[in-house]
Amino acid sequence: MTATLDLDTLDFSKGQGLVTVVAQDARSGVVLMVAHADREALEHTLRTGEMHYRSRSRGLWHKGGTSGNVQRVVTLTADCDRDAVLARVIPAGPACHDGTTSCFRDDALLSDALSALDATIAERAQSALHAGENPSYTQRLLTDRNLRLKKLGEEAVELTMACVDHDSARAAEETADLVYHALVALHAVGGTVDDVRAVLTERAK
């Protein structure tokens, strides 16, 4: 855990002893779940580095204590009213009891353009070998190694030239093209954007 939380500054009175906790994947930004915690649950969280919550029906519970799908804490941040906490975590498995990554289902997983692009490429990859006579451009790249690597190199050069010309608008466009082709190349060798996020999160330490 990279930060602590001063529990004395939280307002537990508004929620009858509880504060709302929003758990967010620290790597992808995906909102995983919303739950509640009292002072005891947050004390356990701070002591162990793994999320603990308080349920009106279940009492104090350690997320993943039974399933193994623990949530390792990266940061805990109170909101402006001090009655809610944003918990940025590294999940060891699905957050939802029904086995989905997020309790908000697929909509949460597509919360940003990069995630949506990665999901589209993954979908194309699954159907690339059965695309027939009219494959999409992404499917062509996935099935043609030489074309894939050629385009990756071309986009890198075009970005370099935009930077040489100090053209920020074109550099942004070329960066987007390079990211797309890099993700396709990554999927072609069995990787995903989540693997990249995991590397960046580790390096950020």
Subject >> Which numbered condition ALA108 misses (of (1) at pLDDT 90 or above; (2) of a type in the set (A, V, I, L, M, F, W, C); (3) in contact with a strand residue (DSSP E or B) (Cβ under 7 Å, 6 or more places away or on another chain)) >> reply: (1)
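From the set of residues in segment 76-85 that are under 22 Å from THR201 (Cβ atoms) and buried (at least 16 other Cβ atoms within 10 Å of the Cβ), which is nearest to the chain's Cα centre (by Cα)? Spell out the reasoning first.
Within segment 76-85, the subset under 22 Å from THR201 (Cβ atoms) is 76-77, 85.
Next cut, buried (at least 16 other Cβ atoms within 10 Å of the Cβ) only: 76, 85.
Numbers: LEU76: 17, VAL85: 18 Å.
Among those residues, the one meeting the criterion is LEU76.
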Original post:
Among the numbered criteria (1) closer than 27 Å to ALA198 by Cβ; (2) modelled with pLDDT of 90 or more; (3) more than 19 Å from the chain's Cα centre (by Cα), which single criterion is violated by GLN16?
Top reply: (1)
Original post:
Tell me, which helices (runs of 4 or more DSSP H) lie completely within segment 90-205 with 3 or more residues that are in contact with a helix residue (DSSP H, G or I) (Cβ under 8 Å, 6 or more places away or on another chain), open to solvent by less than 80 Å² (accessible area, probe 1.4 Å) and among the aliphatic types (A, V, I, L, M)?
Top reply: 113-127, 145-164, 168-188
**OP:** Select from segment 33-46 the residues that are within 30 Å of ALA113 (Cα to Cα) and open to solvent by 20 Å² or more (accessible area, probe 1.4 Å) and write down the one among them that is farthest from the chain's Cα centre (by Cα).
**Re:** HIS36
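Rundown of residues vs (1) under 19 Å from the mean Cα position of the chain (by Cα); (2) open to solvent by 50 Å² or more (accessible area, probe 1.4 Å); (3) under 30 Å from ASP118 (Cα atoms), yes/no style:
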site: GLN24; (1), (2), (3): yes, no, yes
site: VAL31; (1), (2), (3): yes, yes, yes
site: ARG54; (1), (2), (3): no, yes, no
site: SER57; (1), (2), (3): no, yes, no
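Out of curiosity, is ARG54 touching a Phe, Trp or Tyr at 6+ places or on another chain (Cβ under 8 Å) and either at negative phi or not small (Gly, Ala, Ser) (or both)?
Details: touching a Phe, Trp or Tyr at 6+ places or on another chain (Cβ under 8 Å): yes; either at negative phi or not small (Gly, Ala, Ser) (or both): yes.
Yes, satisfied.
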Original post:
Among the residues of segment 64-75, is there at least one that is open to solvent by less than 40 Å² (accessible area, probe 1.4 Å) and without any contact (Cβ under 8 Å) to a residue 24 or more places away in the chain?
Top reply: yes
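The values are calculated or read from the model by the stated rules, or taken from the named source; none is laboratory data. Just so we're clear, the structure is a prediction, and the values are computed from it rather than from any experiment. Glycine also receives a Cβ, built like all others from the backbone with ideal geometry; neighbour counts cover every protein chain displayed. These accessible areas exclude ligands, DNA and RNA; they are computed on the full protein's heavy atoms, side chains included. Shrake-Rupley method; radii C 1.70, N 1.55, O 1.52, S 1.80 Å.
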